Amino acid sequence: MRHVVVFAGPSLGPNGLPEGLDAEILGPAAQGDIVAAVQQNEKCVIALIDGLFQGVPAVRHKEILWALDQGALVYGAASMGAMRAAELSLHGMQGRGLVYRWLRRYSLVPDDAVAVLHAPQELGGGAITNALVDLRMSFKRALRAGLVDRVTADDLAKIAEKLHYTRRTMPNILRDAARLRPELADLDLRILNRSQKQQDAELLLRELRDRQKDGVWPVPASVPKFFATDVFLHDMVAGGFSLDTLKVD
């Protein structure tokens, strides 16, 4: 049975792993974490959901390609995982969920579209701000519910995009919107329900639970041969990995 490793933080939600999924759950992934997981078990399944990027180097594309070359299966969804899967979908990484499909379809999406400010893992790692992708979904729901018209929904989305991800909250957006259009000061947008990122994370994890139960793991049709670059080797050695254990030419 393939060992499942889940890298997740604020996108996982309060329910944690779905019942029946036997997996090792780690926090958001940083550079080198996927390499370390694969070195523990080459044929593992990696579920990349959340990743770190501020203050530490983010998960590199090359380490995902290295993991695939070693025989691991790598899935991505929701946040950093959706972004990397959209970028590497033609190279063997498998993406799931609406956020992944959105990022793959719109190549010019801002890099911080899935980013949130979150609490430390020691305090539960919950999100403090809202991701741009979640806010856009909220404005679409508000439009469908008749709470706002299309112009207002578009204006709110533009205001959200201009805010730094550490300030993207509904109160901040509505406050900035009211400065431009005072009538929006009393707008009630409590329609922001469950996060789309959370729904995508749950979707992926339920699939992995079912595949683990059935023992059927589809292998990517094509995984390119891995070529180590000097930058990749330098970063891995700096991270404490031995060139011998990396098994690269």
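According to the Cα gyration tensor, what semi-axes, each the square root of 5 times an eigenvalue, does the equivalent ellipsoid of region 176-249 have, listed from largest to smallest in whole Å?
Details: eigenvalues 406, 133, 28 Å².
Computed over region 176-249, the values are 45, 26, 12 Å.
Looking at the chain, send over the antiparallel percent of its DSSP beta bridges, to the nearest 5.
5
Would you work out what percent of the accessible area of region 147-241, with all protein chains in place, is carbon or sulfur (probe 1.4 Å)? Ligands and nucleic acids excluded, carbon and sulfur give 54 percent.
What's the local net charge at ALA30, with K and R +1, D and E -1, over the other residues with C-beta under 14 Å away? Overall, the nearby charge balance is -2.
Helix 150-162 and the longest principal axis of the C-alpha atoms of the chain enclose an angle of approximately 50°. Residues THR229, THR169, THR129, ordered by accessible area of protein heavy atoms at a 1.4 angstrom probe radius and largest first, appear as THR229, THR169, THR129.
Excluding same-chain neighbours fewer than eight residues apart, the aspartates and glutamates reachable from LYS62 by a Cα-Cα span under 19 Å are ASP33, GLU42, ASP50, GLU87, ASP111, ASP230, ASP235, ASP244, ASP249. Counting 0.36 nm for each residue step from VAL231 to TRP217 and taking away their Cα separation leaves a gain of 1.8 nm.
Taken over the C-alpha atoms, region 209-249 has Rg and Dmax values of 15.7, 41 angstrom. Amide H to amide H distances under 5 Å link ALA29 with ASP50, GLY51, LEU52, where only residues 5 or more positions off or on other chains count and H is placed in the peptide plane.
Each residue of region 224-238 is assigned a 3J(HN,Hα), and the resulting list reads x, 4, 7, 10, 6, 9, 4, 5, 4, 5, 4, 5, 5, 5, 4 Hz, derived from the Karplus form 6.51 cos²θ - 1.76 cosθ + 1.60 (θ = phi - 60°), x at Gly and Pro.
Averaging 1/r across all pairs of distinct Cα atoms in region 27-137 and inverting the result yields a Kirkwood radius of 14.2 Å.
Dimensions of the chain from C-alpha coordinates, computed as largest minus smallest value along each principal axis and given longest first, are 64, 40, 36 Å. With the cut-off at under 18 Å, measuring from each backbone N in region 196-222 to a point 7 Å along the Cα-to-Cβ line of LEU90 picks out 220-222. The listed residues ASP22, ASP230 rank as ASP230, ASP22 when sorted by accessible area, largest first, using a 1.4 Å probe. Relative to the longest principal axis of the Cα atoms of the chain, the long axis of helix 170-180 lies at roughly 50 degrees. Of the residues MET1, MET83, ranked by 1.4 Å probe accessible area with the largest first, the sequence reads MET1, MET83.
The values are calculated or read from the model by the stated rules, or taken from the named source; none is laboratory data. Not measured: the values here are computed from a predicted model. Quick reminder, even Gly has a Cβ in these numbers, built from the backbone with ideal geometry, and neighbours come from all protein chains shown. Each accessible area value is taken on the protein alone, full model and side chains, heavy atoms only, with ligands, DNA and RNA left out. Shrake-Rupley method; radii C 1.70, N 1.55, O 1.52, S 1.80 Å.
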